[in-house]
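Any read-out appearing in this document is the output of simple, stated calculations on the displayed coordinates, not a laboratory observation. Computed from a prediction, not measured in an experiment: that's the story for all the values here. Heads up, the Cβs are rebuilt from the backbone with ideal geometry, glycines too, and the neighbour counts pull from every protein chain shown.
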Amino acid sequence: MQASSPGPQAWRRWLGFLALLGLLLLIWWPRPVWGESPAASGESLFANHCAGCHINGGNILRRGKTLKLKALERNGITGPGAIAAIASAGLGQMSGYGEVLGPGGPEAVAGWVWQQALGNWSAEAKPV
């Protein structure tokens, strides 16, 4: 007796399964930030994890806790280090995002936020 080989329908189903698996991996696999500058990755991390509450440096939950320079200074936040600490561990109603932002993420976001605050969150303010 000879072992029968799978028919053409079985191969098509197998290839369809592999194509679907590849598509799912493309959709759900974490996006690398290789090759991006720290400022660019700070911007993309902010857009992905912070902008939902801090649209254009504002704050949809607490009006006085914005990311505008005056509000930051009024709340004792005088540089990127303080912003990174809050982004990582949280403060008040804001949860910490250290694990979500990944290694170096809080610092990258903080540097980008600080540059935006110095530029008054204008469209012309570009990360350094």
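Taking amide H positions as modeled 1.01 Å from N, with prolines and chain starts lacking one, no residue 5 or more places away or on another chain lies under 5 Å from Leu91.
At the listed q of 0.16, 0.17, 0.21, 0.22 Å⁻¹, the Debye profile of segment 34-118, built from one uniform point per Cα, gives log10 I(q)/I(0) equal to -0.53, -0.60, -0.95, -1.05. With the simple spin-label model, which puts each label point 7 Å out from Cα in the Cβ direction, the Leu24 to Glu99 separation comes to 2.4 nm. Whole-Hz Karplus values for segment 45-56 come out as 5, 4, 4, 7, 10, 10, 5, x, 9, 10, 4, 6 Hz, taken residue by residue from phi with 6.51 cos²θ - 1.76 cosθ + 1.60 and θ = phi - 60°; glycine and proline positions read x.
Computed over segment 34-118, relative contact order equals 35 percent, with contacts defined as Cα pairs under 8 Å that lie 6+ residues apart. Report note on the peptides 59-66, 10-17, 106-113: ranked by the mean count of other C-beta atoms within 10 Å, highest first, their order is 106-113, 59-66, 10-17.
Spin-label pair Gln9-Ile55: with each label point 7 Å from Cα along the Cα-Cβ axis, the two points sit 5.3 nm from one another.
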